[in-house]
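See below for the structure under consideration.
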2 protein chains.
Amino acid sequence: MTLLKPTLAISIILSTLAIAYADKDTELTKVPYPEGYRSWEHVKSMLIQSGHPYEDAFKGFHHIYADDKAMQGLKNGYYSEGARFVFDLLEAVEKDKTIQEGPRKLIAVMHKDTEKFSQTGGWGFEGFEGNSHITRIVSDGGNACFKCHTPMAEKGHVFSELRD
Amino acid sequence: MTLLKPTLAISIILSTLAIAYADKDTELTKVPYPEGYRSWEHVKSMLIQSGHPYEDAFKGFHHIYADDKAMQGLKNGYYSEGARFVFDLLEAVEKDKTIQEGPRKLIAVMHKDTEKFSQTGGWGFEGFEGNSHITRIVSDGGNACFKCHTPMAEKGHVFSELRD
């Protein structure tokens, strides 16, 4: 058995504690990455083009996905705890009279947790860059996202509507 | 109890038999409408514009959906009996620097049944007009669809590929 020098051992212990604390902090206050969302129901899609007011953030193809709880909410207007939507933004690539999907730019997530996200309508707002599951984009606690969604308060702050 | 006149009774019996026979015929030789496909996995999307060689048939937004068996096939290259894809074509509506989904133009279906559709690569090809579950579009037994899919024979006659 190899014995560690005391300073190294203490360093490892402190690092481990720091990581554990960071994980706990993430778990308690942040929106988790929505694992498996590509298998959720596809609600709708849209293409945002150059000249649109939100082109800097959202130019490209986007698809909206809803998990089972979010689908229930779209049907009955009530979003239960844990309901999640994903806005999946891909580059739009023009080719031979088609517009095709390119690489992923980001995903944006809405995650319902009334207590944790009480400052933003009970929804946590987060973004993840490209295909990353860990590189977060939202730096203001979701305030800007929430502000944009506020006009939809009567529909649970959700823009999407069900279609056939 | 109301008694039917004999001629009316016979007419009803013959009509019932005709309907039963038609149903049996449909079941045996035609691609069924893919009930519930909007909850299947969304594989990819594309926009086909004016000037594209297939604009007459396919101009607009299309989304590809795969059932569980078709998803397996996309992963391992083997399509088991019953695997189904849907090509869901919606009008593309330009508005304020966006292109949005409009009404459904048609859905096209690929349905794997090696025996029933042996003349078209083991896939049945069918289309349903607009939101109809009964108004069929394909009138040549799927030959034109199959011809277009033939170059993809090595990939099970499927154009779509999995993406993240």
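Only protein heavy atoms count here; on that basis, with a 1.4 Å probe, B:SER118 has an accessible area of about 70 Å². What separates the Cα centres of region A:23-87 and region B:89-164 is a distance of 28 Å. Position B:ASP68: other-copy label points at 1.3 nm, ordered by increasing distance, label point 7 Å along Cα→C-beta. Annotation: amide H-H contacts under 5 Å for A:GLY124 (H modelled 1.01 Å from N, sequence separation of 5 or more, or interchain): A:HIS111, A:LYS112, A:ASP113. Placing a label point 7 Å from the Cα of B:ASP68 along the Cα-to-Cβ direction, no residue of region B:117-140 has a backbone N closer than 17 Å. In order along region A:140-145, the phi-based Karplus estimate (6.51 cos²θ - 1.76 cosθ + 1.60, θ = phi - 60°) of 3J(HN,Hα) comes to 10, x, x, 4, 5, 4 Hz; Gly and Pro are listed as x. Would you please name the GluC sites (Glu not before Pro) within region A:126-164 that are DSSP coil residues with at most 11 other C-beta atoms within 10 Å of their C-beta? Qualifying residues, ordered by number: A:GLU161.
Applying a DSSP loop filter and a limit of 15 other Cβ atoms within 10 Å to the chymotrypsin sites (Phe, Trp or Tyr not before Pro) in region B:30-66 leaves B:TYR54. When B:LEU162 is represented by a point 7 angstrom out along its Cα-to-C-beta vector, the spacings to that point in the other copies are 3.0 nm, nearest first. Taking label points 7 Å from Cα along the Cα-to-Cβ direction, B:THR150 and A:LYS155 give a separation of 4.8 nm. For region B:87-164, averaging the sequence separation of C-alpha pairs within contact (under 8 Å, six or more residues apart) and dividing by the residue count gives a relative contact order of 19 percent. Measuring from each Cβ of chain B to the axis carrying B onto A, the nearest residue and its distance in whole Å come out as B:HIS42, 2.
As a quick test, which of the pairs B:LYS44/B:LYS75; A:LYS69/A:LYS155; A:LYS155/B:LYS44; B:LYS116/B:LYS155; A:LYS30/A:LYS75; A:LYS112/B:LYS69 have an alpha carbon distance above 23 angstrom in this structure? With Cα atoms farther than 23 Å apart: A:LYS155/B:LYS44; A:LYS30/A:LYS75; A:LYS112/B:LYS69.
The Cβ shell under 13 Å around A:LYS44 holds other residues with a net charge of -3, Lys and Arg each +1, Asp and Glu each -1.
Ascending distances from the B:GLU81 label point to its copies in the other chains, with the point 7 Å along the Cα-to-beta-carbon line: 4.7 nm. Pairing chains A and B buries close to 2500 square angstrom of accessible surface in total, based on protein heavy atoms and a 1.4 angstrom probe.
Kirkwood Rh over alpha-carbon pairs of region B:50-100, then Stokes-Einstein at 25 °C and 0.890 mPa s: what D in µm² s⁻¹, rounded to an integer? Please list the in-between numbers first.
Numbers: Rh = 13.0 Å.
Answer from the Stokes-Einstein relation: 188 µm²/s.
Here the 3J(HN,Hα) profile of region B:101-115, calculated from phi with Karplus coefficients 6.51, -1.76 and 1.60 at θ = phi - 60°, is 6, x, x, 6, 8, 5, 10, 10, 10, 10, 10, 6, 7, 4, 6 Hz, Gly and Pro shown as x.
The values are calculated or read from the model by the stated rules, or taken from the named source; none is laboratory data. Just so we're clear, the structure is a prediction, and the values are computed from it rather than from any experiment. Quick reminder, even Gly has a Cβ in these numbers, built from the backbone with ideal geometry, and neighbours come from all protein chains shown. For the accessible areas, the whole protein counts, side chains as well, though only heavy atoms, and no ligand, DNA or RNA atoms are used. Shrake-Rupley method; radii C 1.70, N 1.55, O 1.52, S 1.80 Å.
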